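What follows is a single structure, written as structure tokens, with notes after it.
The values are calculated or read from the model by the stated rules, or taken from the named source; none is laboratory data. Because the structure is a prediction, the values reported are computed rather than measured. Cβ placement follows ideal geometry from the backbone for every residue including glycine, while neighbour counts extend to all protein chains displayed. For the accessible areas, the whole protein counts, side chains as well, though only heavy atoms, and no ligand, DNA or RNA atoms are used. Shrake-Rupley method; radii C 1.70, N 1.55, O 1.52, S 1.80 Å.
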Amino acid sequence: MTVKTAKTTATKKRKRVSKKSKASWRKHCDINDVEEFLEDQRLEERLGKFDEKPDEELFIVDTTGGDVDEKPEVKPDLKAKSFKERKRAQLAETPKCFEVLLPTSKVQDPNKKRNTVKQVGSKPSDLSKLTEKRQLSKGVLSRKLEQTKVNRKLAIQKKKKSKTVRQSFDKNIWDAPTLESKGIPETLCNEFVSTEAQLHNVPTTKRIRAKPQLPKTLLTRAAIEVPHPGVSYNPSYQEHQALLSEVVQHEQKMMKRQAHLNRVTTNMFSKVTQGEKEKQWQEEMSVGLPQPHNPSNDPDPEPSDNEYKAVNPPVKNKKKDHKARRKQREQLEEKERLKRAKIEKKKITDLYRLRKIQESLKKQESRQCERSTRLASKREEKAATALPALNKHRPPEKEPEFVDPAILTGDLRNLTNTSNLLRDRFESLQRRGALAASKVMMKKKRKLKSYFKPGHKVTEQDIKKYIQKLDKK
């Protein structure tokens, strides 16, 4: 009787495996015990070794037992601490902002012999000791301490003033022209401090925008200005010539202005022909590119005596003797002496020139004062006669009118109209400030294009009609 046994499919552990790489080494080697040991060692480094800790930290002696009923602890009736006392108690503790910098682990420094680096200026030098002694003898340090005490008192007073709330509101902030009313600190209320610096240092709580000025209107101007007598249809010769001279001056001024604009814009650039322009462009574009060899530009070869000369000939190490070095040193000393003598001589001459310098400074100051007063008077005159500015556009200035002698007729029947009455009145309202100045805005006409639709069939008759239509236009 034969019995058939089933083959087992269980895989046996291989005895010999390849460990040529790190991955295969980790796969076929059990290193858990090593990792656990190293993890325990790192934990002991961070928290400290258990062998070194005392028994009081590791164990607690239970003297009461579990069966005894625990009595509630009676807390002593302590008086609540004030805010100052709590703050004083917290002075010894390290601030929370510095707790991040403290070490959390008990791992020792691997470099035990680390050099402590002191900050720059912490160690007193010989020079600093000398300066401190001099300051003590002169009393500079004592004065500095007194000044710091005074500054501290002023700062405390300023802080108290800022905390006090104002109770009376009898001050009119709009009428007060003083700088203190605008919130500018008292220390900056000085003529040497610019207005930009004063307004920059105003606290945000005290910033008050000044009242905007009313729109400037010239009410003194008449509704209808009296024209020049030379504009009349029957003027006298003198009046007509006076008007002509005014018009000529105005035209010369405008021509001078136009010539100046042309001089500083168009005429500044030299005119170049098309050939020169192309040549310049070719030269600019070919910069950096290899140029063709031109034998005419080659330097003339030097006449040779059939002698061999190296490309890089050897350098002779010829040293100076003592006499040459002494002469060189004497020349340098003499040069330095002459330079210093020249500086000293200049100092003496400058002392004698002090009187002339003072006179020139006084003349310059007087000239500047005269110029500033002249400019201020001109500015005031211009502001008094300036056109009102109600918006960004300027009102049109009135140009002098002039009637050509050929048009003068002598009677009202044959008089020709040279101006527009509606435009004249409109510009007069703008000049007087009754209307804001405006700008002529012309609407562009849209150009309509005519074309055939791509889906439509175009015949020869349609093309002829279209050509005839274009010819007529």
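Key figures
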quantity: Output for the stretch 406-444, where each listed residue is without any contact (Cβ under 8 Å) to a residue 12 or more places away in the chain and either of a type in the set (Ser, Thr, Tyr) or under 30 Å from Tyr237 (Cβ atoms) (or both); calculated: Ala406, Ile407, Arg413, Asn414, Thr416, Asn417, Asn420, Leu421, Asp424
quantity: Residue within the stretch 201-212 that is at pLDDT 80 or above and open to solvent by less than 90 Å² (accessible area, probe 1.4 Å) present; calculated: no
quantity: Failed item in (1) farther than 30 Å from Glu427 by Cβ; (2) basic (Lys, Arg); (3) at pLDDT 85 or above, with Arg379 passing the rest; calculated: (1)
quantity: Qualifying residue in the stretch 231-253 (condition: within 32 Å of the chain's Cα centre (by Cα), modelled with pLDDT of 75 or more and open to solvent by less than 80 Å² (accessible area, probe 1.4 Å)); calculated: no
quantity: Pick from the stretch 71-104, criterion within 30 Å of Glu39 (Cβ to Cβ) and open to solvent by less than 100 Å² (accessible area, probe 1.4 Å), ranking: modelled with the highest pLDDT; calculated: Glu99
quantity: Exclusive hit being surrounded by 10 or more Cβ atoms within 10 Å (Cβ to Cβ), modelled with pLDDT under 80 and either of a type in the set (A, V, I, L, M, F, W, C) or not in a helix (DSSP H, G or I) (or both), set Val68, Val107, Val120; calculated: Val107
